[in-house]
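Participant: Pasting in a structure now, in structure tokens, and then I'll have a few things to ask.
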Amino acid sequence: FLDELLETLQSTIGDLSPHQRLTFFEAVGYMVGEVEDERYRNTQLERLMFACNTAWKQQMELGAQNQAGLCELSNLYTLAEIVRTNVRVCSAMGYSFRPQLQNIFLDLMHVYKFFGETILEQVREGGPVMIQHKFIKVMRVVRVETLKLLEVFVTSSANNEDVANNFCPVLITAVLTDYERGEPVTRQPEVLQLF
């Protein structure tokens, strides 16, 4: 059943609203998370996240060519949806989500940092009212969802040593440095939950 579901994934989710897609991905994430064979589970996770990862790679390529392109509203919405999808699948799979997180982790931290710097720059130039601008709000959504993803993964970790050695050094540097440098209005209170 799972193979068939993942085979027809794109046609299945094609008519769903964004909220319904998130629920669908979470439900399939529960099914994938229950697969006992680790290799097979990782293969199924990769299949589940294929379209999401393809869109992520496209956004990262765009950012590599022109970072300002990531700040366009349509690209911000795409990034927000991608990170939200990862949050939902991670919440369903727990620590078994590790291969997927490892796949996007460094880019995710770069995006988090870049959006933090952009928000801070906009606030310093235009004042605290800039926080109300649509593109800043969506950047903040991406950042909050990133923190949710990391919190869900860390709290569900079955291997604290792995998390401490392979994720925490980059996470601490990116998130806490950003928090420390930010103006009070630009800081994400969710950082305090994560740590």
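The values are calculated or read from the model by the stated rules, or taken from the named source; none is laboratory data. Small disclaimer: the values here were computed from a predicted structure and weren't measured. Here the Cβ positions follow ideal geometry from the backbone for every residue, glycine too, while neighbour counts run over all protein chains shown. Note: areas computed on protein heavy atoms with side chains; ligands, DNA, RNA excluded. Shrake-Rupley method; radii C 1.70, N 1.55, O 1.52, S 1.80 Å.
Participant: Between V129 and E38, what is the label-point separation in nm under the 7 Å Cα-to-beta-carbon projection?
Facilitator: 5.6 nm
Participant: Label points 7 Å out from Cα along the Cβ direction at E121 and T8: separation in nm?
Facilitator: 4.8 nm
Participant: Looking at L120, P169, S156, which one has the Cα that reaches farthest to the positive end of the dipole of the chain (charges on Cβ: Lys, Arg +1; Asp, Glu -1)?
Facilitator: L120
Participant: So, one more: What residue among L45, H133, C71 has its Cα farthest toward the positive end of the dipole of the stretch 40-195, where the charges are +1 on Lys, Arg and -1 on Asp, Glu, each on the Cβ?
Facilitator: Of the options given, the answer is L45.
Participant: Further question on the same structure: So how exposed is S11, as accessible area in Å² (1.4 Å probe, rounded to 10)?
Facilitator: My reading of the accessible area for S11 is about 90 Å².
Participant: Between N53, N42, N159, which gets the highest mean-square fluctuation from a Gaussian network model of the chain, Cα cutoff 10 Å?
Facilitator: N159
Participant: Okay, next question. Which entry is the computed semi-axes √(5λ) of the Cα gyration tensor in Å for this structure: [x] 25, 21, 17; [y] 35, 22, 19; [z] 30, 20, 13?
Facilitator: Correct label is [z].
Participant: Do you know the relative contact order of the chain, to the nearest whole percent, from alpha carbon pairs under 8 angstrom that are 6+ apart?
Facilitator: 23 percent
Participant: State to the nearest 20 debye the size of the charge dipole of the chain about its Cα centre, where the only charges are +1 on K and R beta carbons and -1 on D and E beta carbons.
Facilitator: Rounded to the nearest 20 debye, it is 560 debye.
Participant: Also, I was wondering about something else. Roll a 1.4 angstrom probe over the protein heavy atoms and tell me the percent of accessible area of the chain that is carbon or sulfur.
Facilitator: Summing carbon and sulfur atoms, their accessible area is 51 percent of the total for the chain.
Participant: Not counting ligands, DNA or RNA, and with a 1.4 Å probe, what is L192's accessible surface area in Å² rounded to the nearest 10?
Facilitator: Looks like 110 Å² after rounding.
Participant: Give me the distance in nm between label points sitting 7 Å out from Cα along the Cα-to-Cβ direction at S157 and V170, one decimal.
Facilitator: 1.4 nm
Participant: Which whole-angstrom value gives the distance between the alpha carbon centres of the stretch 85-138 and the stretch 1-54?
Facilitator: 23 Å
Participant: If you average the sequence gap of Cα pairs under 8 Å that are 6 or more apart and divide by the length of the stretch 48-131, what percent do you get for the contact order? Don't skip to the answer; put the middle values down first.
Facilitator: Values: 25 pairs, mean separation 16.4, N = 84.
Normalised by residue count, the contact order of the stretch 48-131 is 19 percent.
Participant: Given Cβ point charges of +1 (Lys, Arg) and -1 (Asp, Glu) and nothing else, what value in debye, to the nearest 20, does the dipole of the stretch 116-195 about its Cα centre take? Each step should come with its number before you reach the end.
Facilitator: Details: 8 positive and 11 negative charges, 73 e Å.
That gives a dipole near 340 debye.
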